[in-house]
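Report on one structure; see the data block that follows.
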Amino acid sequence: MLFLKFDRSNLHNFDWTLLAIVLSICAIGILNIYSAGYSYDALERQSPFYIKQIQWILLGLIAMIITFSIDYRFLAKGAYVIYCIAIALLILVHIFGYTMHGSQRWLSIGGLAFQPSEVMKLSIILVLARYFEDHKSNQPYKLRELIVPALLIMLPFLLILKQPDLGTALIIVLISASIIFFIGVNWKSFLIASSGALLSAPIVWHFLKDYQKDRLIIFFNPERDPLGAGYHIIQSMIAVGSGGLWGKGFLNGTQTQLKFLPEQQTDFVFSVFAEEWGFTGGFVLIILFMSLVFWSLKIALHARDLSGTVIAFGIVCLFSWQVFINIGMVLGVLPVVGIPLPFLSYGGSAMLSFMAAIGLLMNINAHRFILHR
Amino acid sequence: MENRFTVLNVPETPEFRQKFKIVVTVLLIIFSLLLIRLWYLQIIKVQEMREKSESNAIRYRKIQSLRGVITDRNGDILADNLPSFDVVYMPGIAKNHEQLIQRLQILYNRKNLEIDLSQQFGKTMRPYLPVKLEKNVGMEKVAVVEANSVNLPGLYIDVSPVRLYPKKEMTASLLGYIGEVGKDDLENGESEYSLGDITGKYGVEKVLDPYLRGRSGAELVEVNVHEKQMQNLGRIEAVPGYNTVLTIDTRLQEAAWLGLNGKAGAVVALDPRDGAILAMVSAPSFDPHLFNAGISAEQWKNLLNNPLSPMTNRVVSGQYPPGSTYKLIVAAAALEEGIITPQTKLFCDGTFTMGNRTFRCWKKHGHGQIELHRAIVESCDVYFYNVGKMLGVDKIAKYANLFGLGKETGINFPNEKSGLIPTQQWKLERLKQPWHPGETISLAIGQGYNLLTPLQLANAYASFANGGTVWQPHLIKRVETAEGRIIKKFEPVKTATIPLSKKTFELLRSALWGVVNEQGGTGRAAMVPNADVCGKTGTAQVVGLPQDPKARRLKKISAFHEDHALFVCFAPRDNPEIVIAIVAENAGHGGAVAAPIARKMMEIYFNIQESDIRPQVANTAETGR
């Protein structure tokens, strides 16, 4: 069987560089979450978030080993099954999921909160890889050939949008669109598809509840909510800007420690880091993300087959979009939308799915020299 | 080796590599955008963001300095600081606001206390910012809040200094009042003040503000997003203000206030040897403590619109016709100009006619043949009508000016008025009319255009009493630290000398002595045994004072038609130590109303017991009322 091919050559081809990059980012993340949970107030000292984050990283490494060990071609073969399971989980969220901050995103499995939408990010990449592997073409794809992928994207998109989790829904669409663009699409087909999407927007709008509409309005127009999202962005920009070149020092960020900065462990982790470590720290972190992305892109380029390339490229898109939207948001150039920063934001499901993605990349990298049998 | 595998690497075609180049470019652009934005915020905008970050978290809390204590010449406290107790509410600790207020209300009700609920509370972003619920509450409320602090989480008592004036209204127009520095003061370039500072608004509090106010301190604290105090970043202690010793003698001040007994008027006493003011009373007055808790707009309007102007210090700002007290100046002018001699006898039949106008003496049937001494003692008007006619207005003005009248005395006090000494030229310039000789006639007995402040009157008599030295009246003896180290001493200032002959001084001094001590004198109510009081009564007619717009307005109210009672005196006759000038508005005759107040003050000054006073004098005082 393919997935049992865990031979020594796999280990020999193990991508230590990628692991080093990821672990560096994770280490920064732990320090940063420690700082975000730290407080002058003795009673609140030693918030357990960073401990939990370490636990999630360890679990993530296990997930990474699993996705590394199972041959990605086997995973691509089973992509439709995985996709169906992910869809089923998303439907289960709507029935059994519990609600936090007005949004129904989590399933509780053995006391652990788990976010099926994170699984969906990877399975949409796998399913698109499988589809395009099955429908290889030297010509740009036409609209007719893109109907199936469009349906495969729309279903999870709507399910996640309904939670509502605009950020993840948006990421799903962005990753998929990037993959399709990369594979090659007929310009006419693209125009028709995008105009179709624009026309269907009012229909989607119609299905949304009032509070969801409000969220969308605020998403596109943060000034409508100056004490909410607008306030957060202002405080975030102050945090980043006041960090200056060298930063205020570890645990010394006033915006962070005095709680002017919102959502410090999750969406606004980058602001915490930039305040305490300054431009120097922010620069290093962005360079690390760039290394991650370009290293992944190299893996996509050298992948043995199309499905490997598409999976690796999809993961490149996953990281790039998440980093760009998250940092763009905290720097005040993109609207506020809840997307975590990979390996830095606190959150179990996201950590697991990012780590699994890294495992996949290593997997594709390890198999790049192996011949078809 | 490598080739064997790469050949088999299916997707790697030239078009494929091209696509990757595009992706690399797009990714480079995206990351560059992030880095540029990061550079912009952290390097270009760093100063602005640092400031915003600091104003987010750093609070500059002013520490009010303790104002200097004001005492009189004997060390009696006139202005002090008192702790004010405020009920303060901290929403972050209180949690349940409605329940808290309800509990407080129940506790208050048991003691029949009313709660002041003018403070509005809403949801607050800064729950650790204290809110003053009730300012300057009484000890009962303090006791209620302190005793029940366990059941009133989030409520506590805060202490801040307020001004205490133990003599209340008695010294209010002298000491003035304090308040928060106004926007105008700040805009007038008084850079030493900042918003929220306490400053003197009137009277001594204003004049001595630079010494009294001290320097406010500050506390730099770091707060979190809930305004909860996290740590102290530094503290500059407030420096208390200097203490001030006034020349005032509280006993005289008190006697003057009680003497006026609710009548509107002014009393000023000063030391003719150096111009030190011993008492300065203006009535009606105001409650200076009104300003402590922040005066309401209503109260402020009432004070300002009161027709009796309680906010005016009449000693320096009230202008009155001097009445017969002016005869001293007219007599001195006449003697010096050689118009009369002490022996000059004039006939008074009760009237004096000039042209078609008839002027009356206060004594209906006249004084008969009378010479200067008795004319002053009995205050004969007709004698002075004649003298005035002979002198002319400008000669009178010349001598009035020598006595320091017609211009400010130079006392360091807000809103001092200059009074008015008319001349022919003045009338031509100001009223565009020539002087009528008839106007000189009434001028000679202190009626007409001429106006004096009580302080000018006292100072003119003081200059006479000390033999011709015009001192600048002063209120402040010295400024010192709490430990008694002297910061500034105020030395008396001599402004002029009155060039009268010794003979004139002697003649008039004896006449003024006669006013109080001789049979038939108009000021006998001021007689004090062994004190040798010299003085002059005056009764100023209010009707016919068209020059003063305030008086004109007051004319419409009939009670204000009554004459002003004036009395000015000094004692002892030789080497005088004290001068007192009294104006009691619309109170009647000077000898009957004003002189007894002077007597009381003289008694206190010379420490004379009640039993020493001859009953006859006391009776005069009572019937005079």
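Within the span defined as segment B:478-497, every residue fails to be at pLDDT 90 or above, of a type outside the set (D, E, K, R), open to solvent by 60 Å² or more (accessible area, probe 1.4 Å) and assigned to a loop (DSSP other than H, G, I, E, B).
For residues in segment A:345-369 being outside any helix (DSSP H, G or I) and away from chain B (no Cβ under 14 Å), which is modelled with the lowest pLDDT? Within segment A:345-369, the match that is modelled with the lowest pLDDT is A:Gly347.
Only strands (runs of 3 or more DSSP E) whose full extent lies in segment A:60-148 are considered here, and the ones with at least 1 residues that are surrounded by 15 or more Cβ atoms within 10 Å (Cβ to Cβ) and in contact with a helix residue (DSSP H, G or I) (Cβ under 7 Å, 6 or more places away or on another chain) are A:103-109, A:112-114.
Kindly indicate the residue of segment B:244-266 that is out of contact with any strand residue (DSSP E or B) (no Cβ under 8 Å at 6 or more places or on another chain) and touching a residue at least 40 places away in the same chain (Cβ under 8 Å) and also least open to solvent (accessible area, probe 1.4 Å) among those meeting that condition. Here the residue is B:Glu254.
Conditions (1) at the interface with another protein chain (Cβ under 8 Å from one of its Cβ atoms); (2) open to solvent by less than 50 Å² (accessible area, probe 1.4 Å); (3) farther than 30 Å from B:Ala238 by Cβ, marked per residue:
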position	(1), (2), (3)
B:Phe31	yes, yes, yes
B:Ile36	no, no, yes
B:Gln47	no, no, yes
B:Ser53	yes, yes, no
B:Ile63	no, yes, no
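When residues in segment B:264-322 are screened for being at pLDDT 90 or above and in a helix (DSSP H, G or I), 4 of them pass. Listed by position, the helices (runs of 4 or more DSSP H) enclosed by segment B:1-87 that each have at least 1 residues that are at pLDDT 85 or above and of a type in the set (Lys, Arg) are B:14-39, B:46-57. Looking across segment A:234-251, the residues that are surrounded by fewer than 24 Cβ atoms within 10 Å (Cβ to Cβ) and closer than 19 Å to A:Thr266 by Cα come down to A:Ile234, A:Gln235, A:Met237, A:Phe250, A:Leu251. Taking the stated definitions as given, is A:Phe68 hydrophobic (A, V, I, L, M, F, W, C), modelled with pLDDT under 90 and over 30 Å from B:Val221 (Cα atoms)? Answer is no for this residue.
In segment B:88-116, the qualifying residues are those that are open to solvent by 80 Å² or more (accessible area, probe 1.4 Å) and modelled with pLDDT under 75, and the one that is nearest to B:Gly68 (Cα to Cα) is B:Ile93.
On inspection, B:Glu518 qualifies as within 30 Å of B:Ala592 (Cα to Cα) and either open to solvent by 40 Å² or more (accessible area, probe 1.4 Å) or modelled with pLDDT of 90 or more (or both). Each residue in segment B:195-243 was checked for being open to solvent by 20 Å² or more (accessible area, probe 1.4 Å), within 14 Å of chain A (Cβ to nearest Cβ), in contact with a Lys or Arg (Cβ under 9 Å, 6 or more places away or on another chain) and not in a loop (DSSP other than H, G, I, E, B), and 2 of them qualify. Filtered by the rule that a residue be of a type in the set (S, T, N, Q), open to solvent by 20 Å² or more (accessible area, probe 1.4 Å) and touching a helix residue (DSSP H, G or I) at 6+ places or on another chain (Cβ under 8 Å), segment B:310-328 gives a lone residue, B:Thr312. Candidates in segment B:124-182 are the residues that are within 30 Å of B:Ile101 (Cα to Cα) and among the acidic types (Asp, Glu); of these, the one that is surrounded by the fewest Cβ atoms within 10 Å (Cβ to Cβ) is B:Glu140. Restricting attention to segment A:254-286 and to residues that are facing chain B (nearest Cβ under 10 Å) and assigned to a loop (DSSP other than H, G, I, E, B), the residue that is surrounded by the fewest Cβ atoms within 10 Å (Cβ to Cβ) turns out to be A:Pro262. The set of residues from segment A:175-191 being open to solvent by less than 30 Å² (accessible area, probe 1.4 Å) and part of a loop (DSSP other than H, G, I, E, B) comprises just one member, A:Gly184. Filtering segment B:63-98 to residues that are closer than 30 Å to B:Leu252 by Cα and either β-branched (Val, Ile, Thr) or outside the structural domain of B:Val144 (by TED's automatic domain parsing) (or both) leaves B:Val69, B:Ile70, B:Thr71, B:Ile77. Scan A:Ser296, A:Ser307 and give me the residue that is part of a helix (DSSP H, G or I) and out of contact with any Leu (no Cβ under 8 Å at 6 or more places or on another chain). Unique residue meeting the criteria: A:Ser307.
The values are calculated or read from the model by the stated rules, or taken from the named source; none is laboratory data. Bear in mind that the values here come from a model prediction, so they are computed numbers and not experimental data. FYI the Cβ positions are ideal-geometry reconstructions off the backbone, even for glycines, and counts take in every protein chain you see. The protein model used for the area step is the full one, side chains on, heavy atoms only, and it has no ligands, DNA or RNA in it. Shrake-Rupley method; radii C 1.70, N 1.55, O 1.52, S 1.80 Å.
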